[in-house]
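Enquirer: Attaching a single structure in structure tokens format; questions to follow.
A short reminder: the numbers here are calculations on the coordinates, not readings from a lab. None of these values were measured; they are calculated from a predicted model. No Cβ is skipped: glycine too gets one built from the backbone with ideal geometry, and neighbour counts run over all protein chains shown.
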Amino acid sequence: MLPLRKYELIILVTKNFNENELQTWAFNYAKELRSFRARRISLISRGKQNLAYPVNKQTRGNYIQINFSSKPNNINAFSDDLKMNINISRFAFFNKNKK
């Protein structure tokens, strides 16, 4: 049985959302993590920022940070789900376990 590991997920969301829509979208996405058996989920909105280079012809984007604990084998399934969402331009997982 694999132990839970701590992860940080950074999501670059298209600029098409206003602040209220972004919060609702992010909250619903964080709830979806529970279906992948994630625990201790915390959500931080990093706001709309200029991008260093255009991504999908966009020069601004909304950044969302989600911290959670999960088993490593659930990350691939959640990653596949993120790839299918048209509102997500980029995302990255970071393993936050101390070595």
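Enquirer: Considering the chain as a Gaussian network with a 10 Å cut-off on Cα pairs, which listed residue, Lys31, Lys57, Lys15, attains the greatest mean-square fluctuation?
Expert: Lys57
Enquirer: Could you work out the local net charge near Thr24, counting Lys and Arg as +1, Asp and Glu as -1, over the other residues with Cβ closer than 14 Å to its Cβ?
Expert: -2
Enquirer: Using only helices, what value at 222 nm comes out for the chain when you add -39,500 (n - 2.57) per DSSP H run of length 4 or more and divide by the total residues, to the nearest 500 deg cm²/dmol?
Expert: -8500 deg cm²/dmol
Enquirer: Quick one: length gained pulling Ile10 to Lys98 fully straight, 0.36 nm per residue minus the C-alpha distance?
Expert: Fully extending the segment from Ile10 to Lys98 adds 29.8 nm.
Enquirer: Follow-up. So, R0 is 22 Å and r is the distance between the beta-carbons of Tyr53 and Asn87; what FRET efficiency does that work out to, to 0.05?
Expert: That gives a FRET efficiency of 0.65.
Enquirer: Beyond 14 Å, what share of the Cα-Cα pairs of region 1-70 remains, rounded to the nearest whole percent?
Expert: Roughly 60 percent, rounded to a whole number.
Enquirer: In degrees from 0 to 90, rounded to the nearest 10, what is the angle of the helix 19-34 Cα long axis to the longest principal axis of the chain?
Expert: Here the helix axis deviates by roughly 20 degrees.
Enquirer: Less than 14 Å Cβ to Cβ from Asp81, Lys/Arg counted +1 and Asp/Glu -1: what total charge do the surrounding residues give?
Expert: +2
Enquirer: Could you give the angle, 0 to 90 degrees to the nearest 10, between helix 73-83's Cα long axis and the longest principal axis of the Cα atoms of the chain?
Expert: Computed tilt is about 20 degrees.
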